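See structure below.
Computed from the coordinates by the stated procedures, all read-outs in this text should not be read as laboratory data. Remember, predicted model here, so these are calculated numbers, not experimental data. Here the Cβ is made from the backbone with ideal geometry for all residues, glycine too, and neighbour counts use every protein chain on show.
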Amino acid sequence: MRRDIERQRREQMASLYSSLRLLLPLEFIKGKRSASDLINEAANYIKHTTEKIQGLQVERDQLKSLSNSTAFIPGIESSNKCSLNYATVRVSGAGVEILMSSWLREEGFLLSKVLELLLEEGLSVIRCASNKTNERLFLTIQSEVCDPTCFNLSELQQKLNAMCNYG
């Protein structure tokens, strides 16, 4: 009877180790490992994930404070607000993703100018989303490149940044 109980315990432990192994990303599992190695790698993964979460929380808090007010930027005046306007352009799948952030100005932010520039650059806009928060406008634009041979990512980003800062 003791042998059966011990055998069941070992089978249960093997099943639990197997379940744990399935939950870990491949970079934390390299080849066949002992149970102690598996537990050690699971602990490393938990530490890694915790550090990553903490880093993302700090980044999120910084972005929230930047978008909610200018209190965190000493001495900022409305004339200096344009320095906080930006555009980021990056490759996303088969197209390009554009992220823009701009203070709302008296004359407003003309989305039509941005879309016109994208058409001139040979981009087809697939999706455009905007959000207004505390006098800031945030744009996310998904687009496809019509002719990849004629497309310059950094040049587009420079043009969009100029548009953000100077209208």
Between LYS52 and ALA162, with labels modelled 7 Å along Cα→Cβ, what's the label distance in nm to one decimal, could you check?
4.0 nm
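Gain in length, GLN8 to ALA43, computed as 0.36 nm per residue apart minus the alpha-carbon separation, to one decimal in nm?
Values: separation 35, 0.36 × 35 = 12.60 nm, distance 2.59 nm.
Length gained between GLN8 and ALA43: 10.0 nm.
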Ranked packing of 39-47, 1-9, most packed first, by mean Cβ within 10 Å
39-47, 1-9
Could you calculate the contour length gain from LEU20 to LYS32, that is, 0.36 nm times the residue separation minus the distance between their Cα atoms, to one decimal place in nm?
3.0 nm
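Between LYS64 and MET1, what length in nm is gained on full extension when 0.36 nm per residue of separation is reduced by their alpha carbon distance? Show your work: numbers first, answer last.
On the way: separation 63, 0.36 × 63 = 22.68 nm, distance 6.23 nm.
Full extension from LYS64 to MET1 adds 16.4 nm.
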